[in-house]
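Below: one structure, written as C-alpha cells.
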Amino acid sequence: MPAHQREPVLDVVVPVFNEERDLEPSVRRLHAHLRETFPYPFRITVADNASTDETPRIAARLAEELPEAQWLRLAEKGRGRALRAAWSASPAPVLAYLDVDLSTDLAALLPLVAPLISGHSDIAIGTRLARGSRVVRGPKREVISRCYNALLRSTLAVGFSDAQCGFKAVRRDVAERLLPLVKDSDWFFDTELLVIAERAGLRIHEVPVDWVDDPDSRVDILSTALADLRGIARIGRALARGTLPMAGLRRNTEGDPPGGPGLAGQLLRFAAVGAVSTVGYVLLYALSRPATGPQAANALALLICAVANTAANRRLTFGLRGRGGAMRHQAKGLLVFAIGLALTSGALAVLHQVAPAAGRRTEVAVLVAANLAATLLRFLLFRAWVFPARRRGTGGTAA
C-alpha cells in the first residue's frame, strides 16, 4: 500500500447502544491514539444501535468536531447488525471494530491491523486466552469465556482461541464475501463469521491483548448464552449438511482447508479409511495370531494400523499435507491408539473370562465389534484434538 494515501486505509467501527457516559471520552481517546500512532489516514465510525438516551446527539457532535469521525444511525438493535451496516458501507480496505468501553489496550490496534494492510492475513482478532495476554476480570466472566471457547473447540473444532473479544479486523474484500453468509445480527455474529472464515481456509491472525473487564457491562449473560447455543447448533447443522457456499471464500484452491469440507465429508472419508483399516487389522491379526497369541497379535495389528490410519486421515479426511506437524499428529494418534487397545484388549479379556473355549471366529467377531465401538470416539478425538481446524495465520497461539 502506498505510504502517501489520501483516502482512509482503516475504518474503526464503535457499535454503541445507550452509551452517553462512555462514548465521548472513548472516541476522543481512540482518535488521539490513532493520530499519534497510525501511519495512514483513518476513520472512526460510531454505529448507533437505536439508542434512546443522549448517545445520538453526542455522536453527531463528535462527527462535526473530529474530521476523521462519522456517525451511523440504525433503527434496530444488534451489534452484528451495526457492524454489517458500517462495514458494508465503508470504502476503507481494512475494517475493524472495538467495544466502546475500550477494555482492550489500544496498543494492540496497530499489531491487529498490520497483517491485513500488508495482505498477509484476512482476519485479525484480539485474544485474551493466549500466552502473552494480560487479563483483569472477575471469576464469573473468566469461567464463562473459557467454557464458551472450549465448547466451540469441542463441537465445531475451531482453531482460534477467543471468539468473543470485542477487538477484531477484516480486509474489506474478504468482508464483502463473508458478510452475506453470516446470518446472526447480534452477539453470535463474531463467532459465525470466524467459523465460516476458518472453514474456508482464510488466514486468521491472533494478537494477545491486555484487557480489563468493564464492571458496568450490561450484557444479559443468560439470554446471550442461549442465543450462542442456538447459533452453534445452527452453524453446526449447516456445516454437517455442507450447505454453506464457501468455495468462493478460499484464499487458494490447493486442497481442502484444515477441518475438511465439512462434517459430512469428514465422516465419509473417515469411514472409508476406517473400513480399509479394519480389513487390514483383521488380516494382520489372523496372520500373527498363531505365532504370538491373541493379545500380542491384537496389539501388533492395532499398532501397525494405527500409524497407517493416522497418516491416511491426516491427508484424506482433514486435508493436511506436508511434513509440518506430522510427528506431533502421529504421537497424538498413538495415544488414541492406546485407548483403542485398552478397549479391544478389555473386550478380548472379558470374552476369555466368560467363554474360555471361544474359537478364533468368535475372537475376531468380538474384536471387530469393539473396534467399531471405538471408531466414533476415535473420530471425535481426531477432529477435536489430533487434527483440529487451525488458522493459517502465524500470529498468536491458540490456548
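The values are calculated or read from the model by the stated rules, or taken from the named source; none is laboratory data. Nothing here was measured: the structure is a model prediction, and the numbers come from that model. Reconstructed Cβ throughout: ideal geometry from the backbone, glycine too, with neighbour counts over all protein chains shown. For accessibility, only protein heavy atoms count, side chains too; no ligands or nucleic acids. Shrake-Rupley method; radii C 1.70, N 1.55, O 1.52, S 1.80 Å.
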- Note on the structure: The summed charge of the A306 Cβ neighbourhood (under 14 Å; Lys/Arg +1, Asp/Glu -1) stands at +3
- Message: Considering only protein heavy atoms and a probe of 1.4 Å, how much of the accessible area of the chain is carbon and sulfur, as a whole percent?
- Response: 61
- Task: Describe numerically, in nm with one decimal, the distance between label points set 7 Å from Cα along Cα→Cβ at A107 and at N18.
- Result: 3.5
- Query: In what sequence, largest accessible area first, do C305, C147 appear using a 1.4 Å probe?
  - Reply: C147, C305
- Note on the structure: Reported to the nearest 10 Å², L98 has, with a 1.4 Å probe, an accessible area equal to 10
- Task: Set the Förster distance to 25 Å, then compute FRET efficiency between A60 and R172 from the Cβ-Cβ distance, nearest 0.05.
- Result: 0.45
- Message: Quick check: residue separation of R28 and S118 times 0.36 nm, minus the Cα distance between them. What number comes out in nm?
- Response: 29.7 nm
- Task: Taking the Cβ of L381 as the centre, find all other residues whose Cβ is under 13 Å away and add up their charges (Lys, Arg: +1; Asp, Glu: -1).
- Result: +4
- Taking all pairs of distinct Cα atoms, average 1/r, flip it, and tell me the Kirkwood hydrodynamic radius of the chain in Å to one decimal place. 23.5
- Distance in nm between label sites at F38 and A311, each 7 Å beyond Cα in the beta-carbon direction? 5.1
- Note on the structure: Over the chain, with neighbouring protein chains present, the accessible area per residue in Å² at probe 1.4 Å is 46
- Subtracting the Cα-Cα distance of A358 and T155 from 0.36 nm times their residue separation yields 69.0 nm
- Message: Run the helix sum for the chain: -39,500 (n - 2.57) per DSSP H stretch of 4+ residues, divided by residue count, reported at 222 nm to the nearest 500 deg cm²/dmol.
- Response: -17000 deg cm²/dmol
- Message: Skipping prolines and chain starts, which residues have an amide H placed within reach, meaning under 5 Å, of the one on A69, given they are 5 or more residues away or on another chain?
- Response: I44
- Item | Spacing of the two label points (7 Å from each Cα toward its C-beta) at V350 and A89, in nm | 6.4
